[in-house]
Amino acid sequence: MAAPLSLARLKSARRDFNIFNLLNSFSFVFVSGSFITLFAVRLGASNAVVGILNAIAYSTYFFMPLGKRVVKFKPIIWTFGWGWVGRYTALLPILFAPLAAAGGHEGIAIALLIAGTAGFALSRGVGMIGNNPVIAYIASGGGDKPRSDRGEYVVTTSIASSVASMVSGLLLALFLGEDASPGAYAIGVGIGIAVGFAGSFFLLRLPEPTDFSPEKTTSLITAT
């Protein structure tokens, strides 16, 4: 039987996870979705490139089997946290895309954008394997008997995440205006990366779930 977290340790863990959740939700708007699509268009990307970027975003879920393999050898917080660090690190080349485009190398600029997005998707897929187990552990407090406020905490966390995303989207719209330059988009991505790294720091501070054990899975090829 796993020992439950003490009240002080649980309070600290929830505080760290709440900060991570808010920073993660805020930064995600700056480094994914329509923002990256608009960035690509400003760099002169074709419709085919935009389609590739959208496809890469959905490919995240195909990398989750890799995460299941990692947690067989590494702790779940380690996998989750460093997966998140990896996804923001993978985006760093995107910051140089406007410089490449300004130098007349639009192909290199687009390649940097695709490479960064692909690395982001891969690392995110690996790290996502830890999302549900960690939330469940922080919500329940560990131990054999979950806390009575477990459901309330999960719902509150979800609402806070949605509000952070809404605020981030509004600020992003105000920041870009009607005719933002590629450099402005790169600054936006840079803000998302910085906030994401800060969130990852708080994620890696969380206690490791004591009752987590990797599921038995099929071969990587079969799962993929």
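Miscellaneous remarks
- Leading residue by the ranking (least open to solvent (accessible area, probe 1.4 Å)) among those in the range 44-53 that are part of a helix (DSSP H, G or I) and of a type in the set (A, V, I, L, M, F, W, C): L53
Listed here are the residues, each with its yes/no results for (1) assigned to a loop (DSSP other than H, G, I, E, B); (2) at pLDDT 90 or above.
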position	(1), (2)
G125	no, yes
D144	yes, no
S161	no, yes
S165	no, yes
L172	no, no
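- Subset of the range 148-175 that is within 19 Å of L7 (Cβ to Cβ) and without any contact (Cβ under 8 Å) to a residue 40 or more places away in the chain - its residue that is farthest from the chain's Cα centre (by Cα): S148
- Candidate set: the range 54-91, residues that are in contact with a helix residue (DSSP H, G or I) (Cβ under 6 Å, 6 or more places away or on another chain) and not in a helix (DSSP H, G or I); chosen: the one surrounded by the fewest Cβ atoms within 10 Å (Cβ to Cβ): V71
- Any hit, the range 14-21, residues being in a helix (DSSP H, G or I), under 18 Å from the mean Cα position of the chain (by Cα), of a type outside the set (D, E) and modelled with pLDDT under 90: no
- Enumeration of residues in the range 26-36 that are open to solvent by 30 Å² or more (accessible area, probe 1.4 Å) and either at pLDDT 90 or above or among the acidic types (D, E) (or both): F26, F28, V29
- Residue tally, condition surrounded by fewer than 17 Cβ atoms within 10 Å (Cβ to Cβ) and either in contact with an Asp or Glu (Cβ under 8 Å, 6 or more places away or on another chain) or of a type in the set (S, T, N, Q) (or both), over the range 166-203: 1
The values are calculated or read from the model by the stated rules, or taken from the named source; none is laboratory data. For clarity, every value in this text was computed on a predicted model and none was experimentally measured. Cβ coordinates were reconstructed from backbone atoms using ideal geometry, including for glycine residues, and neighbour counts include every protein chain displayed. Ligands, DNA and RNA are excluded from the accessible area calculation, which covers all protein heavy atoms including side chains. Shrake-Rupley method; radii C 1.70, N 1.55, O 1.52, S 1.80 Å.
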